[in-house]
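The values are calculated or read from the model by the stated rules, or taken from the named source; none is laboratory data. Since the structure is predicted, the reported quantities are computational estimates derived from the model, not experimental observations. Heads up, the Cβs are rebuilt from the backbone with ideal geometry, glycines too, and the neighbour counts pull from every protein chain shown.
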Amino acid sequence: MPSRLANQWVLITGASSGIGEAAARQFGAAGCHLLLGARRLDKLNAAAAAAKKSGAASAHVHELDVASTPSVEAFVKWVRTLTPRVDVLLNNAGGAHGADTVAEGKDADWVAMVESNLLGLMRVTRAVLPLMLPHQSGTILNIGSIAGRQPYEGGSLYCGVKAAEFAITKSLRLELCGTGLRVGTVDPGLAQTEFAVTRYKGDEARALKTYEGMTPLTGDDIAEALVWAASRPAHVCIDEILLKATDQAAVYKVHRRTGK
Ligand SMILES: NC(=O)c1ccc[n+]([C@@H]2O[C@H](COP(=O)([O-])OP(=O)(O)OC[C@H]3O[C@@H](n4cnc5c(N)ncnc54)[C@H](OP(=O)(O)O)[C@@H]3O)[C@@H](O)[C@H]2O)c1
């Protein structure tokens, strides 16, 4: 059966690693044209090559820093040179910086989290909507987190920006009702990507401890949910997905096998 997504134009922010890279491969396998953005061009080119190998109709890359309005505008100007329409927008770029308590928090970490997870999503959505609204169909999927639903110690600002992402997704869903566009949030729990390495400033050993003794989600598990949500019939909107590893029942309830 031909894929409903074949030849659709899919824009993915943060496509250089983790969930975004897996989404590029899986939307590629569904026969999509891909518009991939992130700051690390070497990794972005590798993601595009993997997506082409998996069957993408085309895969295009351009540097994108969602923390900068001029960068977002330049990116979308470049998108317009390739296509007059975007069918699927995946607002995925982001992550956590640090795990300090409020008392010990660092300004630079707070600013980075607000700029990428929160303002980045706003900037990219505002810039891409003119490429979606005229076509009266399309899908915006924002990546939230279990952190946006259940705060935890040392996560204050990250939990805050992901709770804001949840609220923004709901506002956008209301604002776009009647336009034919659908909007949803996909909120993962523990997933093994570069996420923890970034949070712990490159400390690989500490990052690995996050997943010790348990089986986490992978980027591909989340990409599968994204492809599923984007490929429902046009009259069906998947408003929210919360997906967690079987070993993780809640932020603080993670089954870890010891004695390995
Ligand atoms: N892994 C988890 O456990 C988990 C759970 C829930 C939610 N999430 C969310 O899932 C999303 C993807 O994270 P991931 O797990 O796949 O981690 P990841 O492997 O670290 O990927 C993060 C991606 O975001 C991009 N990015 C970060 N800041 C950016 C910026 N200012 N401009 C453009 N791109 C930027 C990175 O690209 P460059 O560095 O090349 O720019 C990278 O491609 C994030 O929003 C994260 O908060 C992750």
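Listing for the model above:
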{"item": "The lone exception for residue 170 - which of (1) farther than 23 Å from residue 85 by Cα; (2) touching a helix residue (DSSP H, G or I) at 6+ places or on another chain (Cβ under 9 Å) it fails", "result": "(2)"}
{"item": "One residue from 74, 112, 108, 59 being buried (at least 20 other Cβ atoms within 10 Å of the Cβ) and not acidic (Asp, Glu)", "result": "59"}
{"item": "Helices (runs of 4 or more DSSP H) lying entirely in the range 1-116 (those with 3 or more residues that are in contact with a Gly (Cβ under 6 Å, 6 or more places away or on another chain))", "result": "18-29"}
{"item": "Any hit, the range 229-244, residues being of a type in the set (Asp, Glu) and either surrounded by 18 or more Cβ atoms within 10 Å (Cβ to Cβ) or more than 26 Å from residue 40 (Cβ to Cβ) (or both)", "result": "yes"}
{"item": "Scope the range 154-193; condition more than 9 Å from the ligand (Cβ to nearest atom), assigned to a helix (DSSP H, G or I) and of a type in the set (Ser, Thr, Tyr); matching residues", "result": "156, 169, 171"}
{"item": "Options 80, 39, 25: the member that is more than 18 Å from the chain's Cα centre (by Cα) and among the charged types (D, E, K, R)", "result": "80"}
{"item": "Pair list, Cβ under 7 Å, 6 or more apart: the range 181-199 residue under 14 Å from residue 239 (Cα atoms) and basic (Lys, Arg), other residue more than 6 Å from the ligand (Cβ to nearest atom) and modelled with pLDDT of 95 or more", "result": "182/139; 182/237"}
{"item": "Pairs where the first residue, in the range 78-106, is closer than 30 Å to residue 136 by Cα and the second is of a type in the set (Val, Ile, Thr) and part of a loop (DSSP other than H, G, I, E, B), C-beta under 6 Å, 6+ apart", "result": "93/66"}
